[in-house]
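Undergrad: Here it is: the structure, laid out below.
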Amino acid sequence: MQRIGVFVCHCGSNIAATVDVKKVAEAAMMEPGVVHSDDYQYMCSEAGQARIIAAIQEKGLTGIVVCACSPRMHETTFRKAAERAGLNPYMVEIANIREHCSWIHKDLEEGTKKAVILTRAAIAKVNLNTPLKSGESRVTKRALVIGGGIAGIQTALDIADAGYEVDIVEKTPSIGGRMSQVDKTFPTLDCSACILTPKMVEAAAHDKITIYTYSEVEKVGGFVGDFTVDIRKKARSIDMDKCTGCGVCQEKCPYKKTPSEFNRGLNNRSAVYTPFAQAIPNVPVIDREHCIKFKTGKCGVCAKVCQAGAVDYEQQDEIVTEKYGAVVVATGFDTIKLDDFDEYAYSQSPDVITSLELERIMNAAGPTKGHLERISDGKAPKNMVFIQCVGSRDITCRGKSYCSKICCMYTAKHAMLIRDKYPGVNVTVFYIDVRTPGKNFDEFYRRAVEEYGVNYIKGQVGKVAPQPDGQLLVQGVDLLDNKQILVEADMVVLATAIEPDSSVRSIATMLTASIDTNNFLTEAHPKLRPVESPTAGVFLSGVCQGPKDIPETVAQAGAAAIKAVGLLAKDKLLTNPCTAKADELLCNGCSNCADVCPYGAITYEEKEVNDHGIREMRRVASVNNALCQGCGACTVTCPCGAMDLQGFSNRQLIAEVDAICR
Amino acid sequence: MSIEAKEEFRPNIVAFCCNWCSYAGADLAGSSRLAYPADVKIIRVPCSCRVNPMFILRAFEKGADGVIMCGCHPGDCHYSTGNYYARRRMTLLFSMLDYIGVEQGRTRVEWVSAAEGVKFSATMNEFVRKVRSLGKNVRLEDLRCRN
């Protein structure tokens, strides 16, 4: 018989306001096995834990139930306290009477009643708990960073500087990401490339960093400390070792009609290309979809002009398999598709552009060599209109409910840069709210309005109507004057909402990392563990977790790196002892469990068993504790009830059901 | 003047929530103070595939009026494929239960992610409403369990 102690936490008034904690403690005393119950202001505090430890030692408790917040919060705290008192940490159960009870129920009587039932269930369970011992698993001292934008580069640099090997996997032909497409950065107006390219070079030159560009993660196996990842290196059709990066192939390529991804389709590139001049590695890629040689078999100009003989049309995709201890996701973002936003005439007029396209137009290496001109006729615009929140803060299904966070600031930046370089251009901004929380952000916005005379109008735009003469008529509303207004514009710039890169879904699935309704990766705790995924060993860096600007991304990248380093620095990890266990006497050797196990943790062995005095050889299941992750799929599949999950056994769960239904 | 309302039927509902998505979703519903009736009591399981049909039968046998099982969205399971097993098992079990007279409205599978506190709360509110409208479950109750 167990000797159980029940400890009810008030959590200040968080629990005590809607749950009568004294009554819960009293009711617990009536339950079988309970020899001690207590309530305290803050059980998780040092003094609270001391009470638990004292009770365990004085009353010789063999199991405890803590009625407090979610086990996801403090289960570890109380397990450690139990361990300090000499009790096996797995003899601790938590009754979640805060998140699942006091916080959602208003009525004291109702809350108390439910808290008693939840406590009863936990007591019923702990009565059947058995001491469990963690195993150990090794840690591969190498990290994988998925995505080679500023987030990925910074994370990789920080991990590498700490002395660990890092691989960056980037799907495009060069690292650099979105930041390499940006012309200037707010609020300092630094040149984006000037601050990014030194980092790219540093990453490429770092002896601990390996960069796989034009590559994708294909398969992920294993678990924290021991991931096995297949990386597909797509065929570049250029030998990376031979290529000198002279660029002659790109010049001579006869097919120059492919829209440039890097310039957001504003101009064309050749079929063999590097995305931009400072690309790393400076080795081009042959776009097989558009290359004449691959389409018709007749061309081969690039191979003829290449002095180094680096062009290799026969190159095949290559799969590299590596082991990693930690994985950092830094997949970044893209702007949303504007197909459903017809009112802004994005598809009808080339002079309606997104802000990212404007970045390329403003950039000296961009399609217009940095001159502000209309895409349609190359004329300099006189009137420009910026429309904010295109798809952001939009609760209809076509848009995104969240704020994209960076648009207010980059629009102020664009407006300021345009007014600075072209003082004759009138700039009007339609906005819902101007959001400038950040260091020197509001000052920056005010400068745009006060010093540069940017015309901010609070209100939304209903329609952008292209006129026969190529002008754009913007119909909006001025909320402060409460009137409809019409503004003539030569160019309209849409502050398009950002969304996680489309690759993030499949990557999250491979890593079994959870994702929210907007496809942003979920963090382990929104406040206290913002750069960790709930999946152990997976960390989050940059916009894949939520919209953020460059400094925030860099800060988060560093945070993700230190979390990964904290993991890599360990020699051994304690494994979860809640693993499956087969009862040899009940097992009939059918293999059903091995078939459903996602980790291949179950094998069969011929073993002599002693079945009530009858000794015989039988084929029985055996679980590898290092591989078993404790999902429990096998326990339900087993036709004879031989397979059970330690810590969540059939008897324990049935006891909980019984306690709730009593 | 008021007419004494007949005491409202309060069902007993057991919710199985997987540790990685739905239990966290329920935590989020809690920390966001998204109320749902106290009739719902949650049992934590590592994965929806840990829920043995036996547990659900047992709950009905012991007098539960509804059982809901929540897991990660298909494709998002922490253990890759657990929720697919659960989905198949529950489809079979629920149709069998329906056949023997435990209405479909009393059983439910719902996918709730860790970020979906709103969905968790809304699901529970709706499910409780449904079970309340069906009234007490007597079909499977083991009468020997009655006091």
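The values are calculated or read from the model by the stated rules, or taken from the named source; none is laboratory data. Not measured: the values here are computed from a predicted model. Cβ atoms come from the backbone with ideal geometry, glycine included; neighbour counts cover every protein chain shown.
Undergrad: Restricting the search to the range A:450-465, which residues are within 21 Å of A:F341 (Cα to Cα) and assigned to a loop (DSSP other than H, G, I, E, B)?
TA: Once the filter is applied, which keeps residues that are within 21 Å of A:F341 (Cα to Cα) and assigned to a loop (DSSP other than H, G, I, E, B), the range A:450-465 yields A:G459, A:Q460.
Undergrad: Do the conditions hold for B:H78, that is, is it touching a Ser or Thr at 6+ places or on another chain (Cβ under 9 Å) and more than 8 Å from chain A (Cβ to nearest Cβ)?
TA: Against the criterion (touching a Ser or Thr at 6+ places or on another chain (Cβ under 9 Å) and more than 8 Å from chain A (Cβ to nearest Cβ)), B:H78 does not qualify.
Undergrad: So for the range B:88-103 (the condition being of a type outside the set (D, E, K, R), buried (at least 17 other Cβ atoms within 10 Å of the Cβ) and within 10 Å of chain A (Cβ to nearest Cβ)), does at least one residue qualify?
TA: For the range B:88-103, residues of a type outside the set (D, E, K, R), buried (at least 17 other Cβ atoms within 10 Å of the Cβ) and within 10 Å of chain A (Cβ to nearest Cβ): absent.
Undergrad: Give B:A38, B:A15 a once-over and let me know the one that is outside any helix (DSSP H, G or I), buried (at least 21 other Cβ atoms within 10 Å of the Cβ), touching a Lys or Arg at 6+ places or on another chain (Cβ under 6 Å) and among the small types (G, A, S).
TA: That would be B:A38, the only listed residue that is outside any helix (DSSP H, G or I), buried (at least 21 other Cβ atoms within 10 Å of the Cβ), touching a Lys or Arg at 6+ places or on another chain (Cβ under 6 Å) and among the small types (G, A, S).
Undergrad: Also, I was wondering about something else. Condition first: farther than 30 Å from A:D377 by Cα, outside the structural domain of A:V182 (by TED's automatic domain parsing) and assigned to a strand (DSSP E or B). Can you find one or more residues in the range A:276-285 that meet it?
TA: The answer is yes, given that some residue of the range A:276-285 is farther than 30 Å from A:D377 by Cα, outside the structural domain of A:V182 (by TED's automatic domain parsing) and assigned to a strand (DSSP E or B).
Undergrad: In addition: Give, as residue ranges, the strands (runs of 3 or more DSSP E) completely inside the range A:466-540 that count at least 2 residues that are free of Cβ contacts under 8 Å to residues at least 40 places away in the same chain and either assigned by TED's automatic domain parsing to the domain that holds A:N426 or touching a Leu at 6+ places or on another chain (Cβ under 7 Å) (or both).
TA: A:472-478, A:483-489
Here is a yes/no grid of residues against (1) basic (K, R); (2) at pLDDT below 95; (3) in contact with a strand residue (DSSP E or B) (Cβ under 9 Å, 6 or more places away or on another chain):
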residue: A:I97; (1), (2), (3): no, no, yes
residue: A:V126; (1), (2), (3): no, no, yes
residue: A:R142; (1), (2), (3): yes, no, yes
residue: A:Q154; (1), (2), (3): no, no, no
residue: A:L157; (1), (2), (3): no, no, yes
residue: A:I168; (1), (2), (3): no, no, yes
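Undergrad: So which residues in the range A:75-116 are surrounded by fewer than 20 Cβ atoms within 10 Å (Cβ to Cβ) and either among the hydrophobic types (A, V, I, L, M, F, W, C) or not assigned by TED's automatic domain parsing to the domain that holds A:A47 (or both), if there are any at all?
TA: Once the filter is applied, which keeps residues that are surrounded by fewer than 20 Cβ atoms within 10 Å (Cβ to Cβ) and either among the hydrophobic types (A, V, I, L, M, F, W, C) or not assigned by TED's automatic domain parsing to the domain that holds A:A47 (or both), the range A:75-116 yields A:A85, A:L108.
Undergrad: Tell me the strands (runs of 3 or more DSSP E) entirely within the range A:87-204 that contain at least 2 residues that are more than 28 Å from the chain's Cα centre (by Cα) and within 14 Å of chain B (Cβ to nearest Cβ).
TA: A:92-96
Undergrad: Among the residues of the range A:625-662, count how many are more than 7 Å from chain B (Cβ to nearest Cβ), part of a loop (DSSP other than H, G, I, E, B) and surrounded by 15 or more Cβ atoms within 10 Å (Cβ to Cβ).
TA: The number of residues fulfilling the criteria is 9.
Undergrad: Could you tell me whether B:R44 is modelled with pLDDT under 95 and either under 12 Å from the mean Cα position of the chain (by Cα) or within 26 Å of B:K136 (Cα to Cα) (or both)?
TA: Answer is no for this residue.
Undergrad: Report yes if some residue within the range A:2-19 is under 25 Å from A:C578 (Cα atoms) and of a type in the set (D, E, K, R); otherwise report no.
TA: Within the range A:2-19, one or more residues are under 25 Å from A:C578 (Cα atoms) and of a type in the set (D, E, K, R).
Undergrad: Let me ask another. With the requirement that a residue be under 24 Å from B:A24 (Cβ atoms) and part of a strand (DSSP E or B), what does the range A:32-72 give you?
TA: Matches in the range A:32-72: A:I64, A:V65, A:V66, A:C67, A:A68.
Undergrad: Please work out which residue is nearest to A:T112 (Cα to Cα), limiting yourself to the range A:1-31 and to residues that are charged (D, E, K, R) and in a loop (DSSP other than H, G, I, E, B).
TA: Looking at residues that are charged (D, E, K, R) and in a loop (DSSP other than H, G, I, E, B), I get A:D20.
Undergrad: Inside the range A:306-337, can you point out the residues that are assigned to a strand (DSSP E or B) and under 30 Å from A:L356 (Cβ atoms)?
TA: Of everything in the range A:306-337, those that are assigned to a strand (DSSP E or B) and under 30 Å from A:L356 (Cβ atoms) turn out to be A:V327, A:V328, A:V329, A:F333, A:D334, A:T335.
Undergrad: Would you kindly identify the strands (runs of 3 or more DSSP E) lying entirely within the range A:206-259 that contain at least 3 residues that are within 20 Å of the chain's Cα centre (by Cα) and within 17 Å of A:G147 (Cβ to Cβ)?
TA: A:215-223, A:226-233
Undergrad: I'd like the full set of residues that are in contact with a helix residue (DSSP H, G or I) (Cβ under 8 Å, 6 or more places away or on another chain) and either surrounded by fewer than 22 Cβ atoms within 10 Å (Cβ to Cβ) or of a type in the set (S, T, Y) (or both), limited to the range A:168-178.
TA: Selection gives A:S174 alone.
Undergrad: I'd like to check something: does the range A:547-555 contain any residue that is surrounded by fewer than 21 Cβ atoms within 10 Å (Cβ to Cβ), touching a residue at least 40 places away in the same chain (Cβ under 8 Å) and part of a strand (DSSP E or B)?
TA: No: the range A:547-555 contains no residue that is surrounded by fewer than 21 Cβ atoms within 10 Å (Cβ to Cβ), touching a residue at least 40 places away in the same chain (Cβ under 8 Å) and part of a strand (DSSP E or B).
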